[in-house]
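The values are calculated or read from the model by the stated rules, or taken from the named source; none is laboratory data. Source: prediction; values computed, not measured. Note that we place each Cβ from the backbone using ideal geometry, even for glycine, and neighbour counts take in every protein chain shown. Ligands, DNA and RNA are stripped out before the accessible areas are found, and what is left, the full protein with its side chains, is counted by its heavy atoms. Shrake-Rupley method; radii C 1.70, N 1.55, O 1.52, S 1.80 Å.
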Amino acid sequence: MKLLKDILYGTRILDVIGSTHTAIEHVAFDSRAVKPFGLYVAIPGVHVDGHDFIPQATEAGAVAVVCETLPREEDRKPGLVYVRVQDARKALGHIAAGFFDHPTETLQVIAITGTNGKTTTATLLHQLFRLMDRKAGLLSTVENRIVDRVIPATHTTPDALQMQRLFREMADAGCRYVFMEASSHSIHQHRLAGTKLAGAVFTNITQDHLDYHGTFNNYIAAKRGLFTMLPAEGFALVNADDPHAEDMVHDCKGQVRDFALKTMADYRARVLENGLNGLHMHLDGHDLYAKLIGHFNASNLLCIYGVARELGFETLDVLTHLSLLSPPPGRFERVESPDGVIGIVDYAHTPDALQNVLETIADFRSGNEQVITVVGCGGDRDKTKRPLMARIAAALSDRVMLTSDNPRSEAPEAILADMREGLDPIARRKCLSNADRREAIRMATGFATSPGDIILVAGKGHETYQEIQGIRHDFDDCVELRTAFNERTPH
């Protein structure tokens with residue numbers, strides 16, 4: 001139980017009707033989750049406005065309401081407390097932090113943002129710190145972890161209430177460090193309000209989520225918002241190889257550091273060897289042999305090294321444990337057929353990520369192997385990247401199967417038609433379309449004729465479902481690829 005006045009600390013209050021000495025036993029922003037003696041936070045949404053559900057919340061037992069617009073006087077319930085705030089989303093973050101006793105005051109929270117690399121960086125940081133015998137928490141697209149206890153993830157970044165609840169559990173479990181993904185949506189929606197950051201990391205930025213942000217400049221501005229949250233004692237670590245790195249830290253109060261493979265930076269590395277067995281890098285004056293593959297993972301490893309150094313860990317200790325890291329599920333995950341065809345499953349679902357993976361595959365080719373790519377685009381998401389994805393796949397592959405990803409509420413054939421718009425007549429000749437993802441993977445394995453041929457299945461990575469018309473069907477690219485390999489007739 002908390003007093004309302006205590007959990008309102010940090011919110012910008014405009015009006016109060018009633019006493020803030022009211023006892024609060026729980027907090028909700030969904031009227032269906034309200035319980036007796038609860039606080040309901042009414043949030044204006046894209047499709048639904050929480051203000052419309054204030055009557056339902058009070059009927060369910062809410063004793064206080066936080067909102068941006070007060071109900072009419074005749075609609076207010078006698079004895080209830082109404083608090084008008086400037087921004088209900090920001091208020092929810094501060095309220096949640098207060099309700100759970102400000103857990104991030106005792107945690108070193110490192111938030112990672114960027115179009116690509118967030119999951120890998122956060123996951124490998126958690127893995128690194130566990131290898132170094134430090135208790136740490138993880139919030140990621142794939143899963144959440146409290147030390148080694150796994151909690152399924154539903155979003156890249158949880159809502160403010162769930163996030164602060166997890167922070168509280170992490171602090172109570174003895175965690176000192178937390179590594180989390182910060183999506184552009186979560187930053188724009190102020191889900192991290194009330195969270196004290198020790199560091200913020202920028203991996204890169206390329207086109208994505210324009211269905212939500214509208215323009216690329218808005219997308220950049222959303223990412224930049226993370227760095228404006230940093231206190232003066234925090235650190236910002238940005239990828240100097242990305243042209244937008246300086247944009248990210250324009251208004252940052254923290255100490256700015258950078259890392260790079262291609263230019264001068266505080267943390268630098270060079271790739272000496274890149275093969276299917278891993279990377280050999282020269283990093284900060286030392287040799288590093290790592291299990292991860294590809295230049296993009298070299299950048300991720302350098303970033304991870306920089307974070308650990310900024311947190312005060314010694315160079316040799318960090319490098320020793322970096323060499324032991326294993327890639328997260330669905331990130332350049334290798335599946336090999338009985339007759340030597342190589343399958344790679346990767347989460348690449350943006351033009352830049354797809355290009356990075358295919359360019360990495362190109363580094364392994366001796367010249368005769370085919371590269372066969374299976375790729376789709378998600379429904380109800382940024383349509384402008386669809387033709388770009390098809391164009392990149394065709395340019396860097398010998399054969400392409402265009403197929404469904406998560407079509408959601410859209411017709412798969414309409415998505416495929418958008419993708420084909422990016423293909424010129426020559427590229428079209430190497431592309432086939434099949435909206436059935438399982439069948440598309442099976443057909444791709446049939447195109448492989450020799451040991452060493454490479455099949456990339458891109459877009460879903462770690463996901464174990466396919467979402468079609470609001471229903472999630474069991475679907476795992478790795479499982480489907482192994483099944484197709486086992487059923488194919490060797491050439």
Check: So for the chain, taking the charge dipole from beta-carbon charges (+1 Lys/Arg, -1 Asp/Glu), which of Ala221, Val81, Met264 sits furthest toward the positive end?
Finding: Val81
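I'd like the projected area of segment 78-198, averaged over all directions, using the convex hull of its alpha carbons. Report it in nm² with one decimal.
Average of the hull's projected areas for segment 78-198 equals 8.2 nm².
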Checklist line | Phe37 - accessible surface, heavy atoms, 1.4 Å probe, Å² rounded to 10 | finding: 110
Check: Along the charge dipole of segment 334-387, which of Val335, Val357, Gly367 sits closest to the positive end, that is, farthest toward it, with unit charges on the beta carbon of Lys, Arg, Asp and Glu (+1, +1, -1, -1)?
Finding: Val357
Next item on the list: With both partners inside the chain, how many of the DSSP beta bridges are antiparallel, as a percent to the nearest 5?
Entry: 40
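Before I look further, what does the chain give for accessible area per residue, probe 1.4 Å, in whole square angstrom?
On the way: 20700 Å² over 491 residues.
Normalised by residue count, the accessible surface of the chain is 42 Å².
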Check: Within straight cross-link reach of Lys77, meaning Cα distance under 18 Å, which lysines are found once same-chain residues fewer than 8 apart are removed?
Finding: Lys35
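Tell me, what is a quarter of the convex hull surface for the C-alpha atoms of the chain, in nm² with one decimal?
23.8
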Item checked: Environment charge of Ala193, counting only residues whose C-beta is closer than 9 Å and scoring Lys/Arg +1, Asp/Glu -1 -> +2
Next item on the list: Please give, to one decimal in nm, the separation of the simple spin-label points placed at Lys430 and Leu272, each 7 Å out from Cα toward the Cβ.
Entry: 3.4
Margin query: Report the per residue volume, in Å³, of the convex hull enclosing the C-alpha atoms of segment 275-354.
Written below: 109
Note to self: Distance between the C-alpha centers of segment 413-491 and segment 63-90? Whole Å please.
What the structure shows: 51
Notebook entry, point to check: Counting Lys and Arg as +1 and Asp and Glu as -1, what is the net charge of the other residues whose Cβ lies under 11 Å from the Cβ of Arg309?
Noted result: -4
Note to self: Taking the Kirkwood radius as the inverse of the mean 1/r across Cα pairs, report the Rg/Rh of segment 145-279.
What the structure shows: 1.00
Notebook entry, point to check: Considering only protein heavy atoms, what is the solvent-accessible area of Glu25 at a probe of 1.4 Å, reported in Å² to the nearest 10?
Noted result: 100
Next item on the list: Go ahead and run the numbers for FRET between Lys253 and Tyr465, Cβ-Cβ distance against an R0 of 56 Å, rounding to 0.05.
Entry: 0.85
Notebook entry, point to check: At a 1.4 Å probe, what is the % contribution of carbon and sulfur to the accessible area of segment 1-157?
Noted result: 50
Item checked: Per-pair calculated FRET efficiency, R0 = 41 Å: Asp15 and Lys262 via Cβ, rounded to 0.05 -> 0.15
Next item on the list: Tell me the label-point distance for the pair Thr384, Ile151, using the 7 Å Cα-to-Cβ offset, in nm and rounded to one decimal.
Entry: 3.6
Next item on the list: Mind pulling the angle between the C-alpha long axis of helix 118-131 and the longest principal axis of the chain? Nearest 10 degrees, somewhere in 0 to 90.
Entry: 90
Item checked: Residue pairs, from the table Lys223/Lys253; Lys5/Lys135; Lys223/Lys291, whose Cα atoms sit over 24 Å apart -> Lys5/Lys135; Lys223/Lys291
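Quote the FRET efficiency, to the nearest 0.05, computed for Leu316 versus Arg176 with a Förster distance R0 of 30 Å and r equal to the Cβ-Cβ distance.
That pair, Leu316 with Arg176, gives E of 0.90.
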